[in-house]
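Everything on this sheet refers to the single structure shown next.
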Amino acid sequence: MATRILIADDQENIRSGFRLILDSQPDMRVVGEAADGMSALEQARHLRPDVVLADIRMPRLDGLEVTRQLAGPEVTDPMKVVVVTTFDLDEYVHTALRHGACGFLLKRSGPTLLIEAIRAAMAGDTLISPSVTVRLLRHVTERRARPGRQPTEPLTERETEVARLVAQGKTNAEIGADLFISAGTTKTHIANIQRKLGVRNRVGIAAWAWESGEARP
């Protein structure tokens with residue numbers, strides 16, 4: 001069954017470009033477009049797409065609030081939201097991460113990364129544009145404004161290693177290859193880390209790693 005996608009962006013040419021790319025994939029189908037945040041919320045709740053592509057800066061309601069209302073910690077039935085931004089580094093991106101986004105892309109990343117981000121979201125992975133990851137890491141390291149949340153029980157050395165690699169935007173397979181463990185073992189470690197940190201997904205793990213200083217540029 002094709003992955004059903006809702007595109008939310010206030011620029012018609014961006015929406016058209018994304019639709020052209022995604023509809024050309026045999027396993028993807030764009031089911032709706034929204035030109036502002038309120039419309040994105042309404043359509044998402046009505047259409048129940050598999051993935052929502054949300055721009056950050058939109059009229060009526062910005063992409064951060066859209067993400068929070070569709071994927072935030074308080075949502076009982078969260079959707080998969082991939083945030084798309086023009087900005088290499090912006091406080092918006094960090095906030096979106098806290099609101100449950102499962103992917104971060106720069107608009108200039110190109111069609112291949114866009115397609116990969118949606119497939120990663122459907123597989124339970126997170127794809128983050130490399131330059132966004134690096135700049136966020138640098139930003140958090142330089143501006144350690146507040147300490148990261150404390151885990152309910154200490155992470156093991158291996159779990160800490162996994163968390164650092166998650167913060168680099170790596171998939172389970174890539175983490176497994178780096179640490180010489182199977183993707184299944186990686187998945188188990190990630191589940192344990194999420195439980196200890198009290199976060200919903202691997203993006204929450206990345207946020208903790210960045211803020212606690214475990215992840216560094």
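The values are calculated or read from the model by the stated rules, or taken from the named source; none is laboratory data. These numbers were taken from a predicted model, which means no experiment stands behind them. A quick note on method: Cβ atoms are made from the backbone with ideal geometry, for glycine too, and the neighbour counts reach across all protein chains shown. Heads up: the accessible areas ignore ligands, DNA and RNA and are worked out on the full protein's heavy atoms, side chains in. Shrake-Rupley method; radii C 1.70, N 1.55, O 1.52, S 1.80 Å.
Per-structure values
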{"item": "Average accessible area per residue (Å²) across the chain - probe 1.4 Å, nucleic acids and ligands excluded", "result": "46 Å²"}
{"item": "Option label - volume of the Cα convex hull per residue in Å³ computed here, alternatives (1) 118; (2) 174; (3) 136", "result": "(1)"}
{"item": "Rounded to 10°, Cα long-axis angle of helix 202-212 versus longest principal axis of the chain", "result": "50 degrees"}
{"item": "Cα gyration tensor category, rounded, prolate or oblate, for region 176-217 with a/c compared to 1.5", "result": "oblate"}
{"item": "Debye, to nearest 20: dipole size of the chain, +1 on Lys, Arg Cβ, -1 on Asp, Glu Cβ", "result": "340 debye"}
{"item": "Solvent-accessible area, 1.4 Å probe, carbon plus sulfur percent, for the chain", "result": "51 percent"}
{"item": "The chain, helix-only ellipticity at 222 nm - DSSP H runs n ≥ 4, -39,500 (n - 2.57), divided by all residues, nearest 500", "result": "-15500 deg cm²/dmol"}
{"item": "Total charge dipole magnitude, region 21-62, about the Cα centre, Cβ charges on Lys, Arg, Asp, Glu only, Debye to nearest 20", "result": "140 debye"}
{"item": "Angle between the chain longest axis and helix 111-122 axis [Cα atoms, degrees, rounded to 10]", "result": "70 degrees"}
{"item": "Region 43-101: relative contact order as a whole-number percent, Cα under 8 Å and 6+ apart", "result": "37 percent"}
{"item": "Which of Ala117, Val30, Leu61, positive extreme of dipole for the chain (C-beta unit charges)", "result": "Ala117"}
{"item": "Share, in percent, of DSSP beta bridges within the chain that are antiparallel, nearest 5", "result": "0 percent"}
{"item": "Ranked order, Lys187, Lys196, Lys170 - accessible area, probe 1.4 Å, largest first", "result": "Lys187, Lys170, Lys196"}
